[in-house]
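Nothing in this text is a laboratory measurement; each read-out follows from the coordinates by a stated rule. All values reported here derive from a predicted model rather than from experimental measurement. No Cβ is skipped: glycine too gets one built from the backbone with ideal geometry, and neighbour counts run over all protein chains shown.
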């Protein structure tokens, strides 16, 4: 049994497929790909797939890691080619590596949020991001019960920058994305809209990749 | 280029850690911008994006016909439908046509679509279906009728057939409800009766021809009515008697006086997909499905599917095995379900299962055998089937007492039910599901009590069983649906129990159950009542359906959307009594609204079965003795009930 880390990108309309559904889709893909899988030994044998960090709905990903347990001889290149031959449009395996870091090392995720250009948008966004009082509502547990919680988003923005190109206003932002703390870019957008009293729907959100606590790209 | 670079969090390094992308969004695989904008606002957006594995993408400039296959319910339900999978692949196998899928958007999506004027679009291309050449609806059951109207309207098309004057899009429909299409005859241009595999191609050939020659919709429909199995309602005039019953149905323009359903004669040379679209989201039946035979040999008198799908036609073991292999390889599914009306009646079941299991077990694929009968429960086989994964057990005694089971010709005895339950418990199961119906013809309160007693005996069987699983209790889950008389069954003349009677019977059953080991489940009575009205309705119901939909009725089979009061109010407005359709017993001499349609079953046979039901006399199943239902005449006298390809 050998653990491999498969890196994939998820772009286009498939971004609207939720994490759970991507899991099922990948499980079927590894079955179709005829990769020698290791199966769990319970009453309901199934292959072992571990998505290190779930993706928020509606967000594209460029460097998403997935760990798979392999039983038997197969090269990394072969795994990649076999999987790419059977995956639905929008998901592509970009590389297969050894797992160098552990999932506990995950701490942050880097996003790019694309906004439709409009006057003063950059300034407004900067004002909001620097305000220090961005808050959003989030479902969470209070004393073991599910409640809507008010979350301070500002203190969770690890770093950010905003720039413009010909098509859009683009915000690059690093948010917590580890096993213990996780802030979804949707929460940030929610907070921005609350602060600006606006109704902005971004053109696109892309997760560029995952980072460890020193902001070093996850491997 | 970087216009502002702000870092208030004492961080020196800016700019991306991960490489950014130079190009983004608006690529080829994105939705229309206006649709993209709303997908973030709705539940389960993956229902509206398409892009699943094995979906068929064609170049729209390369095809002559664009076909929107509409399922009048949500994605999760429609994607489970086998008929849709077959016809989707069949139409796409043609070079001249592109078939795409369309489902009823859920209420949240519909609201936003209407608010922002986004018309109904097809999943594959994202194009609006109002511009397509043909729109086909699959009518699984009656309560989807308002959704048909709603989808046409969402597409931006007039809902009434007569208001759509151009040739395209032509609106067609098929499926079980096509056997009495009269209630929705005003909305649909043509109906396909029976098996669609060959008929669909005939219709599309004709449509392509007419489109090329610039012919009118009327011309097309006249020609279509000459294809066997095609019913064009606008070519038939219906007259009524003073008492509201049908007086006569008169064909015009050379349309046949009786439309005979179409069948495919040989299941081994029938089109069957080698690929299924594999959905991302969880749907109702998410697995490989292969049909093992069409029709049913049992002849239970309440069952419409049995009589609509005769004569019996079996698929051979080799063909089924190959179908399964191909589909598993192309989909990655880990479950195969063998589909038929009564799987244990397949004549070569042991051979089939050993073929399938020879490779399925190795590949960790589970084989499921739904629709098993109690009287020939293949115990050994089921044990084998559960080597990979264990599934639930469901039996359908349908009625609580032997007398009533004889009335409906279920041909199952209590001893058989108990024997099978014992076997199941010995095999390690400790939960069994039992299906019953209440409101069956001639039913008394004793029959209703019988359901509770039978369930109790099954519970007892568990505790008397020396091999029962240790330390576990038993759960017998009883599901009692309300009987709805359907066209083309021996009970097509029967009165459905009134809502009051059904309620009394449900209450009585609830009181008759004395143990917590039995859980009861009922169908909602008001929903069954409407189903009863629509199932045997005539053309005058078109106005009711139209008005009820205008008042917001849709998703009528969903408890939380069904508006019973609105429906009843609409019946009143239209001067029609729903009880006339549901709760009235018809005479054999009455002209039924579907009498001009022929499903191969002789009317005398149905009448005779109905009379035998009153005397609680059973009819042996087809394999023992041919009951001469008449359906084999559709297949040149062939019926596989007597062994494959034997001419009777």
I'd like the mean, over residues of A:1-11, of how many other protein chain beta carbons sit within 10 Å of each residue's own Cβ.
1
To the nearest Å, what is the center-to-center distance of segment A:68-126 and segment B:43-72, using C-alpha atoms only?
27
Distance between the C-alpha centers of segment A:152-219 and segment B:230-247? Whole Å please.
65
P(r) tail for segment B:191-297, what percent of Cα pairs lie past 21 Å?
57
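Let me confirm one metric for peptide A:154-167, namely the mean number of other chain beta-carbon atoms within 10 Å of its residues' beta-carbons.
Going residue by residue through A:154-167 and averaging, the value is 4.
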Computed over chain A: longest principal axis from alpha-carbon atoms vs helix A:185-196 long axis, angle to nearest 10 degrees, is 10
Between segment B:151-168 and segment B:113-145, the alpha-carbon center distance in angstrom:
11
Taking every C-alpha to C-alpha distance in segment B:33-260 and binning by 10 Å from 0, the per-bin percentages run 7, 33, 37, 17, 5, 1
Based on DSSP H runs of at least 4 residues, each adding -39500 (n - 2.57), what is the mean residue ellipticity at 222 nm of chain B after dividing by all its residues, to the nearest 500 deg cm²/dmol?
-9500 deg cm²/dmol
Of all beta bridges DSSP finds with both residues in the protein assembly as shown, what is the antiparallel percent, to the nearest 5?
60
Shielding by partners, peptide A:79-90 (average Cβ within 10 angstrom, other chains):
2
How high is the relative contact order of chain A, given as a whole-number percent (alpha carbon pairs under 8 Å, six or more residues apart)?
26
Sequence-separation-based contact order of chain B, relative, with Cα cut under 8 Å and 6+ spacing, percent:
13
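What ranking of B:501, B:113 emerges when the number of other C-beta atoms within 10 Å of each C-beta is taken as an exposure proxy, fewest first?
Sorted ascending by nearby Cβ count, the order is B:501, B:113.
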Show me B:130-143, A:103-116 ranked by packing, highest mean number of other Cβ atoms within 10 Å first.
B:130-143, A:103-116
Give the shape of segment A:99-151 as rounded, prolate or oblate, defined through the alpha-carbon gyration tensor: a ≥ b ≥ c are the square roots of its eigenvalues, a/c under 1.5 means rounded, and otherwise the shape is prolate if a/b is larger than b/c and oblate if not.
oblate
How would you rank B:346, A:160, going from fewest to most other Cβ atoms within 10 Å of each one's own Cβ?
B:346, A:160
Ranked from highest to lowest mean number of other Cβ atoms within 10 Å per residue, what is the order of the peptides B:96-107, B:519-530, B:560-571, B:182-193?
B:182-193, B:96-107, B:519-530, B:560-571
Rg ratio (alpha-carbon, reference 2.2 N^0.38 Å) - segment B:270-374:
1.09
Chain B: spread of alpha-carbon positions along the three principal axes, whole Å, largest first, is 86, 68, 51
Mean Cβ count within 10 Å, highest first, over the residues of peptides B:509-515, B:228-234, B:337-343
B:228-234, B:337-343, B:509-515
On the first, second and third principal axes, largest extent first, how far apart are the outermost C-alpha atoms of chain A in Å?
57, 48, 30
Orientation-averaged projected area, Cα convex hull of the protein assembly as shown (nm²):
39.4
Exposure proxy check on B:285, A:19: fewest-to-most Cβ neighbours within 10 Å is A:19, B:285
Let me see the P(r) profile for segment A:57-124: every Cα-Cα distance counted, bins of 10 Å, each bin given as a percent of all pairs.
13, 36, 29, 13, 8, 2
Only bridges whose two residues both fall in segment B:219-374 count here: according to DSSP, what percent of them are antiparallel, nearest 5?
50
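Run the helix sum for chain A: -39,500 (n - 2.57) per DSSP H stretch of 4+ residues, divided by residue count, reported at 222 nm to the nearest 500 deg cm²/dmol.
Rounded to the nearest 500, the figure is -6500 deg cm²/dmol.
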Stokes-Einstein D for segment A:2-100, Kirkwood Rh over Cα pairs, 4 °C, 1.567 mPa s (µm²/s)
95
Stokes-Einstein at 4 °C, 1.567 mPa s, Kirkwood radius from Cα pairs: D for segment A:104-212 in µm² s⁻¹?
89
